[in-house]
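Novice: Okay, here's the structure, questions in a sec.
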């Protein structure tokens, strides 16, 4: 074999080897593309799983946040109620003193001592204003008002002086008081029969 023939054979081998390598490379690319498709499917489902988990955590966060907001509102409301009724026990102890003060003023009015009356009236007003600043309110009950068992306490019934007052309030024996919106003492009333 001559050098030329040898070179020609080598060239044919190189060309055929190159064709085989090209075919192998194309097959390898197909296999790689196929494996990417196979890998992409789990990646997409993995992404879906992650998205679902993030959505679940987001919902949990929103629920916890809403629960916390409700807790804050409830505790602030309870705190306001506690502050408004914190003096309830003290106020109920002071109410008989306020009643005695009013009875004393009625008796002093009968005397002719104006200076004593003015001094006692001044002290009474100061005491009553201090209690009202702390949230104490007198319940308004007038003669002829309709009796309501939820806000009045009937202590007795007497014959009504007129048909108009039958079943209505005739007199108030003891005033009623509220602390804020809570009744701490019901007014004691006399009903017409």
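The values are calculated or read from the model by the stated rules, or taken from the named source; none is laboratory data. None of these values were measured; they are calculated from a predicted model. In this analysis, Cβ positions are derived from the backbone assuming ideal geometry, glycine residues included, and neighbour counts consider all displayed protein chains.
Novice: Select, from 39, 89, the only residue that is modelled with pLDDT under 90, in a helix (DSSP H, G or I) and under 30 Å from residue 184 (Cβ atoms).
Specialist: 89
Novice: Here is a follow-up. I'd like to check something: does region 114-125 contain any residue that is part of a helix (DSSP H, G or I), under 22 Å from residue 184 (Cβ atoms) and not assigned by TED's automatic domain parsing to the domain that holds residue 174?
Specialist: Yes.
Novice: From the list 165, 98, which residue is assigned by TED's automatic domain parsing to the domain that holds residue 187, on the phi < 0 side of the Ramachandran plot and surrounded by 14 or more Cβ atoms within 10 Å (Cβ to Cβ)?
Specialist: Going through 165, 98 in turn, just one is assigned by TED's automatic domain parsing to the domain that holds residue 187, on the phi < 0 side of the Ramachandran plot and surrounded by 14 or more Cβ atoms within 10 Å (Cβ to Cβ): 165.
Novice: Going by what's in this entry, would residue 131 be described as in contact (Cβ under 8 Å) with a residue 12 or more places away in the chain, surrounded by 15 or more Cβ atoms within 10 Å (Cβ to Cβ), out of contact with any strand residue (DSSP E or B) (no Cβ under 7 Å at 6 or more places or on another chain) and closer than 20 Å to residue 91 by Cα? Lay out the reasoning, then the answer.
Specialist: On the way: in contact (Cβ under 8 Å) with a residue 12 or more places away in the chain: yes; surrounded by 15 or more Cβ atoms within 10 Å (Cβ to Cβ): yes; out of contact with any strand residue (DSSP E or B) (no Cβ under 7 Å at 6 or more places or on another chain): yes; closer than 20 Å to residue 91 by Cα: yes.
Yes.
Novice: While we're here: Being within 30 Å of residue 193 (Cβ to Cβ), assigned to a helix (DSSP H, G or I), modelled with pLDDT of 90 or more and not assigned by TED's automatic domain parsing to the domain that holds residue 180 narrows it down to one of 63, 58, 103, so name that one. Write out each step before concluding.
Specialist: Values: 63 fails: within 30 Å of residue 193 (Cβ to Cβ); 58 fails: within 30 Å of residue 193 (Cβ to Cβ).
The match here is 103.
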